[in-house]
Amino acid sequence: MLLRVAAPFSAAVRAATPAAGARDGAPAKPNIIVILADDIGYGDVHALNPARGKIKTPNLDRLASQGMTFTDAHSGSSVCTPTRYGLLTGRYAWRSRLQQGVLDGSDDPPLIAADRLTVSVLLREHGCTTAAIGKWHLGFLSERPPTATTAASAGAKKNKSKMGENGLPVGARVIGGPITRGFDYFWGCSNARTMSGLIEQDRVVENLPPIEMLPRLERQAVAYVADHAAAAKAGKPFFLYVPLTSPHTPILPTPEWQGKSGLGAYGDFVIQTDAVVGNILAALDTHGLGANTLVIFTADNGCSPQANTPALEKQGHFASADLRGYKADIWEGGHRVPFFVRWPGRITAGSASSQVICHTDLLATCAELLGAKLPATAGEDSESFFPALLGTARPALREAVVHHSIEGKFSIRQASWKLILAPGSGGWGKPGDAAARAAGLPEVQLYDLDRDLAESRNLAAAHPAVVARLPALLERYVAAGRSTPGPRQPHAAPIDLLKAPVAARQP
């Protein structure tokens, strides 16, 4: 019987402690830039999908050619908020109070506990200046100016059907936002629905049309690199986290990009996103920082069906490449994401790794880069992929990776075997779980990804031993509160691994 686990949230987490020093031969403290695209598919990057991709992404292709491509990299979830939580904390978000879906974005208590170690806290405590420029979507509370309350309420009612236009009024104060979670500087917005409310530090400073957010974000990131170049060269490196607002809905390419892809607004927005990445990379070159800056580009989940994926496929563009499913789904198209890492002189240009990695691995990777040891109460699901970056021979530490869908459905992957604890997509893809169950499909799915990347042949009936082994491993990860070695850690809420209809749970 798959178990349920309930435990109080962790009371405290201590800061990472320095180990003997940085890894042999590595520059002591490189700058680190993490660019997180919003809803870009594995197949939207031309270098990853040359046969079935029609969108040109020259800057991302160049980034891939200059560094390492991880071909089996995964977001912690197939939707936004939980992925961002995992990226920054090294912990699967299903261990938090968020068991499915995403935060609404308006006056949500912060999902990251104030005492939890994050990548930004770790790097700041090791001498980095830290900044987040872009979309947060990890929750914060707010105080609105008394004079703006009525106007803001009226505006929300008027614009409730318009994605992006429901931001907080100018002068509103953000409580529990990024600058309380390890970032020295924040510039951006809460989420896609409220991106009109432009926040700097902990104040809403402007209301802007959503179409202006991406170019403004680009300029701010480029300016941050310029403003911190001198300090970086003098030994004060920076960590710049750039969670983009694109190509998520509202799909709003600016006029200079409209019509450029020949594939409609979504294709145009992808190439605008590619250009943003190119301009951030160009800023590093302009200021002489490219050689000692580690750049990561990835995405929070797969392409959204809101991109009108059927129409794109009719035009020959497959945003998930050869993978099944899209954003929200438990299938590979929901969470296998582009992942490029560039560090000139340290990472071999044009290299590739098939090692299975997850966004949660960023924390442990940064710790190993710095020669730091994580405390037992942090990074519970974080394994360093730093040796893979340097091409060293150490075996991959990750035993298995856990996937999660928008409906909170679980999957566990070990080697080539992937077991899904749901009969359907677990998300928006067809068949959904209810339709799959009505059609008499099995309650679990088992795929051998080495032979069936498209997840087209359910092998559960043919491999009962694997079907029994993998849930037991997942249960162990739940019971331990972690998937890495260390003492048991608590969860914030009960964890239901099946999330099946009540009737299906009855004996």
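The values are calculated or read from the model by the stated rules, or taken from the named source; none is laboratory data. Since the model is a prediction, treat every value here as computed from it, not as a measurement. Glycine also receives a Cβ, built like all others from the backbone with ideal geometry; neighbour counts cover every protein chain displayed. Accessible surface is based on the protein model in full, side chains and every heavy atom, while ligands, DNA and RNA are left aside. Shrake-Rupley method; radii C 1.70, N 1.55, O 1.52, S 1.80 Å.
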**Message:** As a test of understanding, state the convex hull volume per residue of the range 296-375 from its alpha carbons, in Å³.
**Reply:** 130 Å³
**Request:** Using packing as a proxy for protection, rank 30-36, 485-491, 63-69, 200-206 so that the peptide with the highest average count of other Cβ atoms within 10 Å comes first.
**Result:** 30-36, 63-69, 200-206, 485-491
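Ranked highest first by average number of other Cβ atoms within 10 Å, how do 373-385, 78-90 line up? It would help to have the intermediate numbers written out before the result.
Numbers: 373-385: 23.0, 78-90: 29.5.
Packing order, densest peptide first, comes out as 78-90, 373-385.
How would the range 332-397 be classified by its alpha-carbon gyration tensor: rounded, prolate or oblate, with rounded meaning a/c under 1.5 and the a/b versus b/c comparison settling the rest?
Details: a/c = 1.93, a/b = 1.16, b/c = 1.66.
Oblate, since a/c reaches 1.5 and b/c is not below a/b.
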**Request:** With an 8 Å cut-off on Cα pairs and a minimum separation of 6 or more residues, tell me the relative contact order of the range 206-335 in percent.
**Result:** 19 percent
**Prompt:** How big is the C-alpha Rg of the range 239-395 next to the rule-of-thumb value 2.2 N^0.38 Å, as a ratio?
**Reply:** 1.18
**Full-stretch length increase - ARG219, ASN279 - with 0.36 nm per residue and alpha-carbon distance subtracted** = 20.7 nm
**Prompt:** For all pairs of alpha-carbon atoms in the range 326-472, what percent lies in each bin of width 5 Å, listed from the first bin to the last filled one?
**Reply:** 2, 9, 16, 19, 17, 14, 11, 7, 4, 2, 0, 0
**Request:** Compute the length gained on full extension between ALA468 and LYS314: take 0.36 nm times their separation in residues and subtract their Cα-Cα distance, giving the result in nm to one decimal.
**Result:** 51.4 nm
**Asked** Out of (i) 0.98; (ii) 1.11; (iii) 0.94, which label holds the value of Rg/Rh (Cα atoms, Kirkwood Rh) that was computed here?
**Response** (iii)
**Asked** Kyte-Doolittle mean at least -1.0 and Cα extent at least 18 Å along the axis: which DSSP H helices of the chain qualify?
**Response** 213-227, 265-286, 464-480
**Item:** Prolate/oblate/rounded label for the range 180-275 (Cα gyration tensor, a/c 1.5)
**Value:** oblate
**Complete:** Heads up, the range 164-217 by the C-alpha gyration tensor (a ≥ b ≥ c square roots of eigenvalues; a/c under 1.5 rounded, else a/b over b/c prolate, else oblate) looks prolate
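What full-extension length gain, to one decimal in nm, is calculated for ARG203 and GLU399 as 0.36 nm per residue of separation minus the Cα-Cα distance?
Numbers: separation 196, 0.36 × 196 = 70.56 nm, distance 4.29 nm.
Computed gain between ARG203 and GLU399 is 66.3 nm.
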**Request:** Once you have all Cα-Cα distances for the range 448-489, histogram them in 5 Å bins from zero and send the whole-percent values.
**Result:** 6, 20, 16, 17, 15, 13, 9, 3
**Asked** Say each of ASP450 and ALA234 gets a label point 7 Å from the Cα, pointing the same way as Cα to Cβ; how far apart are those two points in nm?
**Response** 5.4 nm
**Average accessible surface area per residue within the chain, 1.4 Å rolling probe, Å²** = 36 Å²
**Request:** Among the lysines, select those whose C-alpha is under 16 Å from the C-alpha of LYS29, and discard any that sit fewer than 8 residues away in the same chain.
**Result:** LYS233, LYS236, LYS373
**Prompt:** Among bridges DSSP assigns within the chain, what percent are antiparallel (round to 5)?
**Reply:** 55 percent
